[in-house]
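A.B. asks: Dropping the structure in here first, questions after.
The values are calculated or read from the model by the stated rules, or taken from the named source; none is laboratory data. Not measured: the values here are computed from a predicted model. We place every Cβ from the backbone using ideal geometry, glycine too, and count neighbours over all the protein chains shown.
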Amino acid sequence: MSIWPRTGRRPRRPLLLPAARRVIGFASIAVMTAIAPLAHAAAWPDKPVRLVVPYGPGGSSDVIARLLANEMGKILGQAVVVDNKAGASGIIAMQEVARAAPDGYNVVLGHVGTLAVNPAMFAKLPYRDEDFSPVVLLAKVPMVFAVGAKVPAQTLAEFVALAKAQPGKLNYGSAGNGSAGHLAFEMLKVTTGIDVTHVPYKGTGAQLNDLLAGNTDAASAGPPGFVAQAKAGKLKIIASGSPQRLAALPNVPTVAELGYPGFDSSQWFGILAPAHTPPEIVTRLHDAAVKALNIPAVRARLEDEGSTASPMAPAEFAKFIKTERERWSTVVRKAGLKAE
């Protein structure tokens, strides 16, 4: 027996008015738009993740990035590939990731120089805080001050005396304008009243090579790369910019204990993703980094390099960046620094 009326005709579907069709269409699009990021986040990562480092090989940034990338790759199940993009005070790397798709496959190793110093030194930057999603603070690295093997100074006091005896004639290298080493040495200049000429390089590796070759007299950088050369007698570390002596350099005094109380020139590193990266992906990146930092061998390696694991949650890291920017902007102002 037919369920249709006796006419034998199938009843026509009720017509939808154009406005109703538009509402249903928009609703469908909204649902699909909401589902797509969730599906992507659930599948992430299904290919290697690129960790962009704003400086060249050989420095603290590179050492920490490669150490963490290796372990994070094991945890995530996909390789984390370090990509060094040196130049322009880290601006090239920061801008590239700021413009990358917010899919979790391109992240950057943020640094005190790129996040706290550059905004104070450059009138205009091609990236802003709003362009990034902070993921995790990784480590803090106190700066050390070194002189070449042939420089006739064994201590900070002797170097200060040497510099004051010949103003402007000695020079120092850094990883680049606005780098942590640049700011640390400028802080030392302001604190001790010496006049030493700045020579910027594209990364700590190039800076270190010229110091070892005797082309520069002094330098400031994180302990990685410098400690091994100091132990080999190829340079002399005369002071640490940390509040306390470093476990990796127990015989090296701090600037603060040498008559300049309150001196602290530590740098730091953290991971940031492009803005609007799905929270689920940010959380997975954060958790992988923290797990890697908690591996005993990783912590031991960091300590050997003079670094301290200092993980922070995304929101806490964002507040930390703002606090550090205020601190370093004061140094920039007192030193009269400008972007070159």
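A.B. asks: Kindly check whether there is at least one residue in the stretch 246-268 that is of a type in the set (S, T, N, Q), under 22 Å from L337 (Cα atoms) and modelled with pLDDT of 95 or more.
C.D. replies: Step one: list which residues in the stretch 246-268 are of a type in the set (S, T, N, Q), which gives 251, 254, 265-267.
Within this subset, residues satisfying the condition of being under 22 Å from L337 (Cα atoms) are 265-267.
Of the ones still in play, those that are also modelled with pLDDT of 95 or more are none.
Within the stretch 246-268, not a single residue is of a type in the set (S, T, N, Q), under 22 Å from L337 (Cα atoms) and modelled with pLDDT of 95 or more.
A.B. asks: Do we have A65 as surrounded by fewer than 21 Cβ atoms within 10 Å (Cβ to Cβ) and within 20 Å of A116 (Cα to Cα) here?
C.D. replies: no
A.B. asks: Still on this structure: Which of the residues belonging to the stretch 159-170 are touching a residue at least 24 places away in the same chain (Cβ under 8 Å) and either within 25 Å of N251 (Cα to Cα) or of a type in the set (D, E) (or both)?
C.D. replies: Matches in the stretch 159-170: F159, V160, A163.
A.B. asks: Filter the stretch 41-62 down to residues that are assigned to a helix (DSSP H, G or I) and buried (at least 18 other Cβ atoms within 10 Å of the Cβ) and give me whichever is farthest from the chain's Cα centre (by Cα).
C.D. replies: The qualifying residue farthest from the chain's Cα centre (by Cα) is A41.
A.B. asks: Could you tell me whether any residue of the stretch 75-89 is assigned by TED's automatic domain parsing to the domain that holds L302, modelled with pLDDT of 95 or more and in a helix (DSSP H, G or I)?
C.D. replies: yes
A.B. asks: Another question, if that's okay. Does V227 meet the test of being touching a Pro at 6+ places or on another chain (Cβ under 6 Å) and either outside any loop (DSSP other than H, G, I, E, B) or among the charged types (D, E, K, R) (or both)?
C.D. replies: On the way: touching a Pro at 6+ places or on another chain (Cβ under 6 Å): no; either outside any loop (DSSP other than H, G, I, E, B) or among the charged types (D, E, K, R) (or both): yes.
Criteria not met by V227.
A.B. asks: Could we say that G214 is buried (at least 17 other Cβ atoms within 10 Å of the Cβ), at positive phi and not polar (S, T, N, Q) here? Give the derivation first.
C.D. replies: Values: buried (at least 17 other Cβ atoms within 10 Å of the Cβ): no; at positive phi: yes; not polar (S, T, N, Q): yes.
So G214 fails the test.
A.B. asks: Which of the residues that make up the stretch 207-224 are assigned to a loop (DSSP other than H, G, I, E, B) and free of Cβ contacts under 8 Å to residues at least 60 places away in the same chain?
C.D. replies: Within the stretch 207-224, N215 is the sole residue that qualifies.
A.B. asks: Moving on to the next point. Failed condition for Q244, given (1) assigned to a strand (DSSP E or B); (2) of a type in the set (S, T, N, Q); (3) not assigned by TED's automatic domain parsing to the domain that holds V53, with all others met?
C.D. replies: The single condition Q244 does not satisfy is (1).
A.B. asks: Quick one: which helices (runs of 4 or more DSSP H) lie wholly within the stretch 118-205 and hold at least 1 residues that are outside the structural domain of V252 (by TED's automatic domain parsing) and more than 27 Å from the chain's Cα centre (by Cα)?
C.D. replies: Filter on the stretch 118-205 gives an empty set.
A.B. asks: OK, next. Could you list, in sequence order, all residues of the stretch 249-276 that are under 18 Å from the mean Cα position of the chain (by Cα) and not hydrophobic (A, V, I, L, M, F, W, C)?
C.D. replies: Matches in the stretch 249-276: S265, S266, Q267, G270, P274.
A.B. asks: Working carefully through the options L246, L258, L337, L235, find the one that is surrounded by fewer than 20 Cβ atoms within 10 Å (Cβ to Cβ), hydrophobic (A, V, I, L, M, F, W, C) and under 15 Å from V144 (Cβ atoms).
C.D. replies: L258
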